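Some notes on the structure that comes next.
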Amino acid sequence: MAAKIKKGDRVVVLTGRDKGRTGEVIEVRPAERRALVRGVNLVKRHQRQTATQEGGVITKEAPIDLSNLAIADPKDGKPTRVGFKFVGEGRDRKKVRFAKRSGVEIDG
């Protein structure tokens, strides 16, 4: 199945304590159905000091379920669903994602 949300996409959080916030996808974990989004779902973790890292309480992003994310429409930034269509003719045909809200291609 083609990925609807990919690394580098701008997404909007639909539910949870960060509802309405937007951010860029840092990493997608398809097997877990989760993604890391920059600046969203921040948690504090205690970290032991090592030779390379400083110890203390650090803040980092925790994974968020893909069902709680939606692609931000390239036109107005509001949440949109993702569709797929083929662009081009013959051997040049390419499958691209598009925003169902505005019809604008997301990657292409």
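The values are calculated or read from the model by the stated rules, or taken from the named source; none is laboratory data. The structure displayed is predicted, hence computed values, not measured ones. Using ideal geometry, Cβ is built from the backbone for each residue, glycine included, and neighbour counts are taken over all protein chains shown. Accessible surface is based on the protein model in full, side chains and every heavy atom, while ligands, DNA and RNA are left aside. Shrake-Rupley method; radii C 1.70, N 1.55, O 1.52, S 1.80 Å.
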Fill in: DSSP-loop GluC sites (Glu not before Pro) across segment 50-108, with at most 13 other Cβ within 10 angstrom
54, 89
Fill in: Extension reserve of the residue 50-residue 105 stretch, reckoned as 0.36 nm per residue once the Cα distance is removed
15.2 nm
Item to complete: Find the relative contact order for the chain and round it to a whole percent, using C-alpha pairs within less than 8 Å whose residues are 6+ positions apart.
Response: 20
Discussion item. Under 5 Å between amide hydrogens, which residues at least 5 positions from residue 9 or on another chain qualify, with H placed 1.01 Å from N in the peptide plane?
Written reply: 25
Practice prompt. Keeping all protein chains in place, calculate the accessible area per residue for the chain (probe 1.4 angstrom), answer in Å².
Written response: 70
Worksheet item: Roughly how many percent of the accessible protein surface of segment 13-55 is carbon and sulfur, given a 1.4 Å probe and a whole-percent answer?
Response: 46
Practice prompt. Round to a whole angstrom and tell me the spacing of the C-alpha centers of segment 83-108 and segment 1-38.
Written response: 21
Discussion item. How far apart, in nanometres, would the label points at residue 75 and residue 60 be if each is projected 7 angstrom from Cα along the Cα-to-Cβ direction?
Written reply: 4.0
Worksheet item: Roughly how many debye, to the nearest 20, is the charge dipole of segment 1-88 about its Cα centre, given +1 on each Lys and Arg Cβ, -1 on each Asp and Glu Cβ, and no other charges?
Response: 140
Item to complete: Report which label in (1) 49, 24, 20; (2) 58, 30, 22; (3) 40, 34, 22 holds the value of Cα extents along the principal axes in Å derived from the coordinates of this structure.
Response: (2)
